[in-house]
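The values are calculated or read from the model by the stated rules, or taken from the named source; none is laboratory data. Model, not experiment: these values are computed from the prediction. Cβ placement follows ideal geometry from the backbone for every residue including glycine, while neighbour counts extend to all protein chains displayed.
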Amino acid sequence: MLKCTFCGRGAVYDRRYAGVLLCDRCFMKSVEKRFRKAVAKYNLISPGDKIAAALSGGKDSTVNLHLLADYRRHKDFDLVAVTIDEGIKGYRDESLKIAEENAKLLGVEHKVASFEEAFGATLDKIVKLAKKHKTGLSACTYCGVLRRSLLNKTARELGANKLATGHNLDDEVQAIMLNYIRADLARLYRLGPIYEEREGFVSRVKPLREIPEKEVAVYALLRGLKIHLAVCPHAGGIHMEIRDFINNLEANHPNSKFMILRMFESIKPKIAQSMIEFKPMKCEMCGEPTSSRICKACELLRELGL
Amino acid sequence: MIKMSNISVTVRLIGSKRREKLEISSRAKVIDLLKLLGQNPQVVVVRRNGKIVTEGERLAEGDLIEILPVVTGG
């Protein structure tokens, strides 16, 4: 068996971008250290914070919740978990149960908010309506916009001042590439480990941002966490193409993901010069904070007659 | 010329009913098996006889190889 570069025990992970082999113990320690390092470096958690952790039941949000719960040993803050039930038949039902079990195991308050209750339709229904109305928008577009809006609203209603999501390195790199391809400078600029609080918007933090997706999964498996690993039935489109492209790139050229992230971080301060800070307004339809008269969630729903 | 011998391993793709016996070179590593199956190591975790292993690990006769897709999206 191949040996761990650091302690000589049997290796379970080949971290090619760093040129090291890791055993289960060294691997887990390094992931935990990277989480703590990101929290400290970007000042993601302060004493007295109330943090709402977005919890889908998937590996990323589950690992994020467990690491946040562990971190309470270092800092005094409150933690609650928020799950969004988008209404995806045969997919979300199981992950909801897993989310609930994890929150219970950690003794963390758990709140579930549903698309159906908040927007009058499940994602399955929204996708059907989108096809009928020929909007040309993917399920991921509706899901992303509506989930972000509902997470923000629920976190705010729970009295949280921060929303911690399970975005990992792969998610961040894919978002960078997607915004390049769509030439969306404003969205590109908003990416980062922390998106500061604005009127009505709770701060969003991403403690797993520098941990590759596969490492989050290996960590969850080694720690024996109960996670939901099914593929969303609506997944597809450009998001998946970008994901596959980046994973092929990383397989052939290790460290590509970190390089894309670092390059973005170097140019981000320069983008700042051409950005106009927006002043949040209240959406004329739902009252949620927005950068324009009508928020994106209401704009999408209105188009579907909802 | 030295003739390479083959070994037989059982492969199970978690999440599907796919389970098959494969003949592969006795010098093959996990990465070779993944390439043969068209799987990107970036998106799967491999367990050999129940334990997570690296892609550089050499395969042995009778191994049960489980491939767990971990990049699920959504």
Seminar exercise, completed: Residues in the stretch A:67-89 that are crowded, with 18+ Cβ neighbours inside 10 Å and more than 27 Å from A:Glu215 (Cβ to Cβ) total 2
Exercise. When you scan the stretch A:95-192 for helices (runs of 4 or more DSSP H) that lie fully inside it, which ones turn up with 2 or more residues that are among the aromatic types (Phe, Trp, Tyr) and over 19 Å from the mean Cα position of the chain (by Cα)?
Worked result: none
Problem set entry | Neighbours by Cβ (under 6 Å, 6+ apart or cross-chain): first from the stretch A:128-147, within 13 Å of another protein chain (Cβ to nearest Cβ); second surrounded by 17 or more Cβ atoms within 10 Å (Cβ to Cβ) and charged (D, E, K, R) | A:Cys143/A:Glu86
Seminar exercise, completed: A:Ala217: passes all of (1) outside any helix (DSSP H, G or I); (2) at pLDDT 90 or above but (1)
Problem set entry | Condition met for B:Asn40 (more than 9 Å from chain A (Cβ to nearest Cβ) and either surrounded by fewer than 19 Cβ atoms within 10 Å (Cβ to Cβ) or more than 23 Å from A:Asn252 (Cα to Cα) (or both)) | no
Seminar exercise, completed: Of the residues in the stretch A:61-72 that are more than 20 Å from A:Glu196 (Cα to Cα) and in contact with a Leu (Cβ under 6 Å, 6 or more places away or on another chain), the one that is farthest from the other protein chains (Cβ to nearest Cβ) is A:Ala69
For this session: Would you check if there is a residue in the stretch B:64-71 being touching a strand residue (DSSP E or B) at 6+ places or on another chain (Cβ under 8 Å), within 7 Å of another protein chain (Cβ to nearest Cβ), under 18 Å from A:Leu22 (Cα atoms) and surrounded by 15 or more Cβ atoms within 10 Å (Cβ to Cβ)?
Result: no
For this session: For the stretch A:250-285, enumerate the residues that are more than 22 Å from the chain's Cα centre (by Cα), within 14 Å of chain B (Cβ to nearest Cβ) and assigned to a helix (DSSP H, G or I).
Result: A:Ala251, A:Asn252
Problem set entry | Positions within the stretch A:62-81 being of a type in the set (A, V, I, L, M, F, W, C) and part of a helix (DSSP H, G or I), in sequence order | A:Val63, A:Leu65, A:Leu67, A:Leu68, A:Ala69
Problem set entry | Filter result (assigned to a loop (DSSP other than H, G, I, E, B), more than 8 Å from chain B (Cβ to nearest Cβ) and surrounded by fewer than 23 Cβ atoms within 10 Å (Cβ to Cβ)) within the stretch A:220-232 | A:Gly224, A:Leu225, A:Lys226
Exercise. Is it true that some residue in the stretch A:171-188 is surrounded by 17 or more Cβ atoms within 10 Å (Cβ to Cβ), within 10 Å of another protein chain (Cβ to nearest Cβ) and not small (Gly, Ala, Ser)?
Worked result: yes
Exercise. Quick one: which of A:Arg147, A:Arg156, A:Arg92 is at pLDDT below 95, among the basic types (Lys, Arg) and crowded, with 16+ Cβ neighbours inside 10 Å?
Worked result: A:Arg92
Problem set entry | For A:Ile211: the one exception among (1) assigned to a helix (DSSP H, G or I); (2) under 18 Å from the mean Cα position of the chain (by Cα); (3) modelled with pLDDT of 95 or more | (1)
Seminar exercise, completed: Counted residues in the stretch A:6-30 being under 18 Å from B:Lys29 (Cβ atoms) and either part of a loop (DSSP other than H, G, I, E, B) or of a type outside the set (A, V, I, L, M, F, W, C) (or both) come to 8
